[in-house]
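S.K.: Take this structure first; my questions come after.
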Amino acid sequence: MAHILLVDDDPAIRKVFTKILKKVGHEVVCAENGQEGLELCQNNSFDLIITDMLMPVKDGLKMIMELDRVFPETRIIAVSGGGVIEAERYLRLAGTIGVKKSLTKPVSKTDLLTAVNEILS
């Protein structure tokens, strides 16, 4: 199965997503923000990155832009629950820099697994 990096500042989201992904056989590594995610990418190879868009330290958008510059082949799913502006705007912006799939929080188990399977196939 896939080696997945999950980047989200919400520990509950990390816990739930990790449980869902591991249950179907994926290996999951977690980071709390975009900076930690980028550091993990320097020393590890991931089949897929699932990232929240709004996080402290370095947000998902900045992390995605950096990944696109350094590792342009990286497959990414962007996730957002919104913030100052609605989630769809953040996710549309992510789509302009190479994100192929996006999900709006709350994310169901079915939606998460469907998105992961689509990106990995």
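Quick note: the coordinates plus some simple rules give every number you see, no bench work behind them. Computed from a prediction, not measured in an experiment: that's the story for all the values here. We place every Cβ from the backbone using ideal geometry, glycine too, and count neighbours over all the protein chains shown.
S.K.: Over the chain, what relative contact order in percent results from Cα pairs under 8 Å that are six or more residues apart?
M.R.: Worked out over the chain, it gives 22 percent.
S.K.: If you don't mind, there's one more thing I want to ask. What residue among 36, 73, 27 shows peak mean-square fluctuation when the chain is described by a Gaussian network model with Cα springs under 10 Å?
M.R.: Comparing 36, 73, 27 in a Gaussian network model of the chain, the most mobile one is 73.
S.K.: At 0.36 nm per residue, minus the direct Cα-Cα distance, what do residue 42 and residue 12 gain on full extension? Give it in nm, one decimal, please.
M.R.: Separation in residues times 0.36 nm, less the Cα-Cα distance, equals 8.2 nm.
S.K.: Go through [x] 15.2; [y] 17.9; [z] 13.9 and flag the label whose value is the computed Kirkwood radius over Cα pairs in Å for this structure.
M.R.: It is the value labelled [z].
S.K.: Same structure, new question: Residue 109 versus residue 29, label points 7 Å from Cα toward the beta carbon: distance in nm?
M.R.: Modelled inter-label distance: 2.7 nm.
S.K.: Considering only lysines 8 or more places apart in sequence, or on different chains, count the pairs in region 3-120 whose C-alpha atoms sit under 14 Å apart.
M.R.: Here the count comes out as 5.
S.K.: Pop the C-beta distance of residue 65 and residue 3 into the FRET formula with R0 = 30 Å and round what comes out to the nearest 0.05.
M.R.: 0.85
S.K.: Describe numerically, in nm with one decimal, the distance between label points set 7 Å from Cα along Cα→Cβ at residue 117 and at residue 22.
M.R.: With each label point 7 Å from Cα toward Cβ, the separation is 2.2 nm.
S.K.: Please say if region 11-54 is rounded, prolate or oblate, where rounded means a/c under 1.5 for a ≥ b ≥ c the square roots of the C-alpha gyration tensor eigenvalues, and otherwise the choice is prolate for a/b larger than b/c and oblate otherwise?
M.R.: In terms of gyration-tensor shape, oblate.
S.K.: Now for a different question. From the backbone phi of region 45-55, what are the Karplus-calculated ³J(HN,Hα) couplings (6.51 cos²θ - 1.76 cosθ + 1.60, θ = phi - 60°) in whole Hz, Gly and Pro given as x?
M.R.: Those phi angles translate into 10, 10, 6, 7, 10, 10, 10, 6, 8, 10, 8 Hz.
S.K.: For the chain, with a Gaussian network of springs between Cα atoms less than 10 Å apart, report the residue from 29, 99, 16 with the top mean-square fluctuation.
M.R.: It is 16.
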